[in-house]
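The values are calculated or read from the model by the stated rules, or taken from the named source; none is laboratory data. Only a predicted model underlies this, so the values are computations on that prediction, with no experimental measurement involved. Cβ coordinates were reconstructed from backbone atoms using ideal geometry, including for glycine residues, and neighbour counts include every protein chain displayed.
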Amino acid sequence: MGVQRGASEQEIKSAYRRLALQYHPDRNPNNPDAEEKFKEASEAYAVLADGEKRSVYDRFGHAGLGAMGAGTGFDASMFQDFSDIFGEFFGFGDLFGGARSGRRTRVQRGSDLREDITIEFEEAVFGTEKKVIYRKHENCEGCGGSGSAHGKAPTNCRTCGGRGQVRYQQGFFSIARTCPACQGAGSVISDPCSRCKGEGRIVQQKTVEAKIPAGVEDETRIRFSGLGEAGIHGGPAGDLYVVLHVKDHPFFERQGTDLHCVVPISFTQAALGAEIQVPTLDGAQVLKVPEGTQSGAVLKIRGKGVPVLNSHGKGDLFVEVRVQTPIKLTKRQKELLEELQGTAPIENSPQRRTILGKVKEIFSEL
């Protein structure tokens, strides 16, 4: 214990509390040495806290205790958890964040629910409304959530006398445990409701209108407070979470609030420049292709992306243009291209391009 021979009762109690806090098995899982030290400290306290045993130990040592057949009377298995020792013996029930043991309430909050729905790409962009059908526990109308038959009420538990706890005496310890008969409620349902069989809840199908705002993304969760499972014995309901799954679009690819697409153009449009019609989610949009545009260049149309969720503004639409080479040419087309080739020869030697150079080229037209 680490105390002097003439230590007072309070000094002994403080020393034991310090050692028990340090070596309790709950704080030292899978540590047999700590468990052994905890038992030794408890056995020592059992002797020093008893006036007769302490007197014998002071006069004759540990052998004197064996001669008088005095056991410590300590059984660590009597404690359900770490707070039992300090809550029941030292009166520190709230030492670890909880109140002292007492009757537990039967009322419990209901569980949260999750429903997954699939929406179209355009619905995610512009927003929509969807009916969500799901099943949940509702408070039983027959008993009002109490679980007892109409006109009946729960009765006091005979095992614990309505206290929600039963006490055991182990040596000088008085140990309180949750009543096994009523699970700490202090009462039992002797006449259960015939409709819910004493649970206080029944399963029902429900429908909720989910308003989906513009700009939601895949895996967005929409929370509906209080629409989850009903609480047990009249407790508050949980929440409902609707999880959205957005379908892919056949033409557009989304990245945050921006959209990306690929549009083919002809060789002459790329060389001479042109104005082309580009599809957007709001309809066709005119896009100016600059003269001399290279295949793979990315052009931007501002404000034709996705709305910012729960805010103002929109993202942009990025259009990658790809020059298509004609497969079949007429005689006249061949003649013109051959004539062009003679006036604008291209050297076919390889060119080394860095990644940085490619990035600069892509954004030079933005």
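Checked against (1) in contact (Cβ under 8 Å) with a residue 24 or more places away in the chain; (2) not assigned by TED's automatic domain parsing to the domain that holds GLN204, LYS288 passes all but condition (1). The condition of being on the phi > 0 side of the Ramachandran plot and part of a loop (DSSP other than H, G, I, E, B) holds for GLY162.
Conditions tested, residue by residue: (1) in contact with a Leu (Cβ under 8 Å, 6 or more places away or on another chain); (2) aliphatic (A, V, I, L, M).
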{"residue": "LYS136", "(1), (2)": "yes, no"}
{"residue": "GLY145", "(1), (2)": "no, no"}
{"residue": "GLY151", "(1), (2)": "no, no"}
{"residue": "PRO154", "(1), (2)": "no, no"}
{"residue": "ARG163", "(1), (2)": "no, no"}
{"residue": "THR178", "(1), (2)": "no, no"}
{"residue": "CYS193", "(1), (2)": "no, no"}
{"residue": "GLN205", "(1), (2)": "no, no"}
{"residue": "ALA230", "(1), (2)": "no, yes"}
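The number of residues in segment 239-259 that are free of Cβ contacts under 8 Å to residues at least 40 places away in the same chain and not polar (S, T, N, Q) comes to 3. For segment 9-23, the criterion of being part of a loop (DSSP other than H, G, I, E, B), farther than 23 Å from SER55 by Cα and either free of Cβ contacts under 8 Å to residues at least 60 places away in the same chain or not assigned by TED's automatic domain parsing to the domain that holds SER55 (or both) is met by no residue. Kindly evaluate GLY238 against the criterion of being under 28 Å from GLY142 (Cβ atoms) and either surrounded by fewer than 16 Cβ atoms within 10 Å (Cβ to Cβ) or in contact with a Lys or Arg (Cβ under 7 Å, 6 or more places away or on another chain) (or both). Judged against the criteria, GLY238 is a match. Of all the residues in segment 272-296, those that are within 17 Å of LEU259 (Cβ to Cβ) and not in a strand (DSSP E or B) number 2.
When residues in segment 197-229 are screened for being assigned to a loop (DSSP other than H, G, I, E, B), touching a residue at least 24 places away in the same chain (Cβ under 8 Å) and over 28 Å from GLY305 (Cβ atoms), 6 of them pass.
Just one of the listed residues (GLU123, GLU129) is at pLDDT 85 or above and exposed (fewer than 14 other Cβ atoms within 10 Å of the Cβ), namely GLU129.
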